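Working notes, structure below.
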Amino acid sequence: MKLSVVILNYNVRYFLEQCIRSVQKAIENWEAEIIVIDNDSEDDSCQMVKTLFPNVVLIENRENVGFSKANNQAVAVAKGEYVCILNPDTAVSEDTFRQAIEYAESVENIGALGVYLMDGTGNFLPESKRNLPTPRVSLMKLSGFTKKYYARHISETSNGEVDVLVGAFMLLKRSIYNEVGGFDEDYFMYGEDIDLSYKITQAGYKNQYLGSTTVLHYKGESTKKDDAYFERFYGAMQIFYRKHFNKNFLLESSVSAGVALAKKARKISSETKVKPPPKLERNYFFTENIELLEKLSATTATVFQMVSKNVHSQIVLKNSILVFDAEYISYKEIFHLMKQLKGHNNLFRIRPPGCNFIIGSDQSDEKGGVVVF
């Protein structure tokens, strides 16, 4: 088998369904499998997988064992030459895995591979490619100076070597994953992707970034921004330094002080940040299914205008809700349009193929929304 796609889920049933459907399209005609591992979700995620996707391998944990341990469990039963660690709040382009594996097989001594990640507003996520977060670089980032934290030597749409990739999408050979011991289970959530990236480079491999294919990452769908979140996020950085950098009192004190200040500042920021709602003028539905359009309009009490894929070349789309029917327009085309139409006060929604809901997120660090119709 060529590829195993591992999706760790926790209470994001609708985002998970879209993710699986997009992956299924992307692995058509491939010798590949999808493995969903669930960390004791309280919604009906597992029942949904059993009912709608009987061919998906489902592992149901009876407790939340964290990101690292759960992914290691899934990779332990994977059969693919390559494994792709994928977040449930993502959707992939139809050519993502083909491009990723073709690129991986063209680069000598490659470790893990990451791709262009885009949030629900159509904007590039800079964590798609990062430099090694040394204590100095990380403390600068915690203070708001991010220039050296992100790998800016490679443009968003280019390819090349980077130090650190993000766990929302990481593709690598299963043999390399096992060679370096997979994700370190001392990390419950956050920091484990930095640690794995670093272990891969320490083993003599080169991590790579591929900017020619896009993956949508709503980001934050699996994360509740509570006190535990801040403890885990910044605590993970302390674990990383203790494991991989020489211990000394000054480093420990600096990191601890920086982490404490950053937790407080970020918590205050997250509690006070309020984005005013945009003033919307139009509602467009990219579809050719009139029945679907009528159902959505009736459910939302909103009038949607049916438009074609090429309408953006005929009229200016701004101050609008733009809903994309993924049965009518491919994910690759949707992502292209989102990039083109961002920055014009537009909000984006997707109706996954075969689904009775639309889904979207208007801020990269806020939970998104689902409308069932």
- Among the residues of region 155-194, which ones are of a type in the set (Ser, Thr, Tyr), open to solvent by 70 Å² or more (accessible area, probe 1.4 Å) and part of a loop (DSSP other than H, G, I, E, B)? 157
- Provide a single number: the residues in region 1-26 that are open to solvent by less than 20 Å² (accessible area, probe 1.4 Å) and part of a loop (DSSP other than H, G, I, E, B). 1
- Message: Residues that are closer than 16 Å to residue 167 by Cα and either of a type in the set (Val, Ile, Thr) or in contact with a His (Cβ under 8 Å, 6 or more places away or on another chain) (or both): does region 48-69 have at least one?
- Response: no
- Query: Quick one: is residue 308 at pLDDT below 80 and open to solvent by 30 Å² or more (accessible area, probe 1.4 Å)?
  - Reply: no
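The values are calculated or read from the model by the stated rules, or taken from the named source; none is laboratory data. Bear in mind the structure is a predicted one, so any value in this text is a computation, not a measurement. Cβ coordinates were reconstructed from backbone atoms using ideal geometry, including for glycine residues, and neighbour counts include every protein chain displayed. Quick note on the areas: whole protein, heavy atoms, side chains included, nothing else; ligands and nucleic acids left out. Shrake-Rupley method; radii C 1.70, N 1.55, O 1.52, S 1.80 Å.
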